[in-house]
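Remarks on the structure that follows.
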Amino acid sequence: MTNLDSLYQEVLLDHYRKPRNKGVLEGATAQADGRNPLCGDEVNVAVTMEGDRVAAVKFTGQGCSISQASASVMTQLVDGKSEAEIEALFERFHGLVTGTAPLAEGEAKQLGAMAAFAGVSKYPTRVKCATMSWHTLRKAMGHE
Amino acid sequence: MSETKVIARVAVPGVRKEQTDGAAPSSAPSPAAADAAASSALHALAPRADFPLLAANPDLHYLDSAATAQKPRVVLDAIRDYYETSYANPHRGAYRLSHAATERFHQARATVARFLGVADEATLIFTRGTTDAINLVAAAWGAANLEEGDEVVVTGMDHHANFVTWQRTAQEAGAHFRIAELTADVRIDLDHLASLLNDRTRAVAFPHISNAVGTINPVAEIVRMVREKAPRAVIVLDGAQSAPHLAVDFASLGVDFYAFSGHKMGGPMGSGGLIGRRALLEAMPPYQTGGDMIEFVHDDRTTWNVLPYKFEAGTPNSADAVGLAAACDYLSAIGMANVRAHEQSLVVAMSEALASIPGVTVFGPPATERSGVVSFALAGAHPHDLATILDEHAVCIRAGHHCCQPLMRRLGVSATARASIGAYTTLDDVRAIREAVAAAARVFGG
């Protein structure tokens, strides 16, 4: 697989073309905006928390395929998870896209759609696109 | 102090030129440039071998010259030569070396002034670039002239350097900030602009050429309109995209201020300038204060130095002024009419090549009426994704809002992909971008 093929995997393009959980979340208990002023990408992440668990999560926004697919995949991954679990997911995702913790042997299956973002690590200028929605979620939950 | 030098030319394009007798290195392009000027866009007007970065990367397709231009070797040589042979702090030392540094600095100003059609070289103030030059006008002229209820006019295609600077200056003075709207093909709507002009209009600021889509604005027509309907207004022209690509003659433009950036002309980063009418500059208070800009410092007040020094506080960036002058000489030797002709034929070819790919939209007026800029979109692909895919094909383009968020809103997009041309661009670069965009269409078309 070329670098480019590994960046634009079918899973990622599918989430870009058909984003999951995109829309306004009625009755959200927390929300935050994320913006990349360099390229104009923007995202809003809204969550409904029940205790320390995410009971519902949605996003709105616009931007490149990486940023939009990342937001879409993130909402699926964090739905129903506790704040501690989400922090662990973020840490794994961050290591994956920055290349500080590459995909381990046999790990892809366990990570699911998150694994499709491993190719981002070859493109330092795109790391911000991938992490923007995660940073925005953490901001909404008071972690940033 | 004569600028006339015998240039020792060598036969092979791009080979390091011999120096003139004891003076600065020659700033002429290699002789192939003159021949190339007459030939088609198949060949670079400015030989690739003249640019160390391009020569070292033969497969690179650099299509981001509107952001910054690659540097000819003669510019790098001139800067190095200045540091190695004539370097001291200008205007300060009583020793011969400082005098030599001062002479080179003054020669640089004369060269740049001549290149831009400025007869009175003291009205050319060196700045860090266009942004700094516009801020100088807004701060110094604005502080002395803008009052509550006055009006300041910009356009919907202005770069943030113009737009934001005048927006803030107007707001701080309690003046109204007006925006001339655009036509569907991204020209200034002259009827709308005319409707904004009146006796309260004090400043009209607009770009000579739109950096985001390449529209070449009708400066003469706008100047006539402003003088007739808004006699109290100063006209500020953002020349960041015109100085590198058109023959600019300040005297005949008819504007009051002209701002430009050296790095877009092949000169060093952090160089550039402001040209202004003498009477306006003399009436303006200083921009920054410090060394060099004073005449006499009393305990309770200070008087100012003459032009241009009044606006050049602190040790000047003389080395980069010398580099900028070398860039002007390089462009002069090619001929700005040749630069425009070369870039025009390429922008037409590139626009046609890209528009032939299904899903591609090119923004702005017809290619013949644009500078060497092709701003475009590919359906289903975000410009940022396009730029990454093009980068894999060694094609460098800019993706984003191009410091023109107000224009992006008017176009109804968050960003565009922008390919831009320089004198070293060729039809091979056009072929490369067409193939790369076609490849991107295959990834995102499905």
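Table for the structure above
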| item | result |
| --- | --- |
| Per-residue [θ]222 nm for chain B (sum of -39500 (n - 2.57) over DSSP H runs n ≥ 4, rounded to 500) | -11500 deg cm²/dmol |
| Note, ³J(HN,Hα) from phi for the range B:223-235, Karplus 6.51, -1.76, 1.60, rounded to Hz, x at Gly and Pro | 4, 4, 5, 5, 4, 6, 9, 9, x, 8, 8, 8, 10 |
| Using alpha carbons only: equivalent-ellipsoid semi-axes of chain B, gyration tensor based, whole Å | 35, 32, 17 |
| Two-site FRET efficiency, residue B:177 against residue A:17, from Cβ-Cβ distance with R₀ of 51 Å, rounded to 0.05 | 0.80 |
| Accessible-area ranking of B:361, B:388, largest first, probe 1.4 Å | B:361, B:388 |
| Reach of residue A:81 by Cα under 16 Å, taken over aspartates and glutamates that are not fewer than 8 positions away in the same chain | A:50, A:52, A:91 |
| Packing rank of A:94-101, B:391-398, where each peptide gets the mean count of other beta carbons within 10 Å, highest leading | B:391-398, A:94-101 |
| At least 50 Å² accessible surface lost relative to isolated chain, residues of the range B:374-388 (1.4 Å probe) | B:382, B:384, B:385, B:388 |
| Separation of the residue A:3 and residue A:29 label points, Cα + 7 Å toward Cβ, nm | 4.4 nm |
| Amide H contacts of residue B:67 (H built 1.01 Å from N, under 5 Å, at least 5 apart or other chain) | none |
| Highest average packing first - B:272-283, B:132-143, B:113-124, Cβ atoms within 10 Å | B:132-143, B:272-283, B:113-124 |
| Interface burial for A against B (accessible surface, 1.4 Å probe, total of both chains, Å², rounded to 100) | 1400 Å² |
| Close Lys-Lys pairs in chain B, where close means Cα under 30 Å and separation is 8 or more or interchain | 7 |
| Residue among A:17, A:92, A:126 with the largest mean-square fluctuation in a Gaussian network model of chain A, springs linking Cα atoms under 10 Å | A:17 |
| Percent RCO, i.e. relative contact order, over the range B:106-331, from Cα pairs under 8 Å lying at least 6 residues apart | 25 percent |
| Spatially proximal lysines relative to residue A:18 (Cα-Cα < 19 Å; intrachain offsets below 8 disregarded) | A:58 |
| Magnitude of the charge dipole, the range B:106-331, Cβ model with Lys/Arg +1 and Asp/Glu -1, debye to 20 | 260 debye |
| Per-residue [θ]222 nm for chain A (sum of -39500 (n - 2.57) over DSSP H runs n ≥ 4, rounded to 500) | -13000 deg cm²/dmol |
| Length added when fully stretched, residue B:57-residue B:352, from 0.36 nm per residue minus Cα-Cα | 103.5 nm |
| Cα-centred dipole magnitude for chain B, charges only on beta-carbon of K, R (+1) and D, E (-1), debye, nearest 20 | 320 debye |
| Spherically averaged projected area in nm², based on the convex hull that wraps the Cα atoms of the range B:265-315 | 4.4 nm² |
| FRET efficiency for residue B:288 and residue B:199, using Cβ-Cβ distance with R0 set to 25 Å, rounded to 0.05 | 0.20 |
| The protein assembly as shown, Rg to Rh (Cα coordinates; Rh as Kirkwood inverse mean 1/r) | 1.02 |
| Linear extension gain, residue B:83 paired with residue B:190, 0.36 nm per residue minus alpha-carbon span | 33.7 nm |
| Number of partner chain Cβ atoms within 10 Å, mean per residue of B:409-419 | 2 |
| Per residue convex hull volume, Cα atoms of the range A:27-144, in Å³ | 93 Å³ |
| Separation in nanometres of the label points that stand 7 Å from Cα toward Cβ, at residue B:147 and residue A:98 | 5.7 nm |
| Most mobile listed residue (B:373, B:255, B:164) in chain B, GNM with C-alpha springs under 10 Å | B:164 |
| Most mobile listed residue (B:268, B:207, B:231) in chain B, GNM with C-alpha springs under 10 Å | B:231 |
| Mean separation of Cα contacts under 8 Å, 6 or more apart, over the residue count of the range B:326-443: relative contact order % | 30 percent |
| Solvent-accessible area lost in complex, 40 Å² minimum, residues of the range A:1-42 relative to chain alone, 1.4 Å | A:4, A:8, A:16, A:17, A:39 |
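The values are calculated or read from the model by the stated rules, or taken from the named source; none is laboratory data. None of the values given here were measured: they were computed from a predicted structure. Here the Cβ is made from the backbone with ideal geometry for all residues, glycine too, and neighbour counts use every protein chain on show. SASA here: full protein model, heavy atoms, side chains in, ligands and nucleic acids out. Shrake-Rupley method; radii C 1.70, N 1.55, O 1.52, S 1.80 Å.
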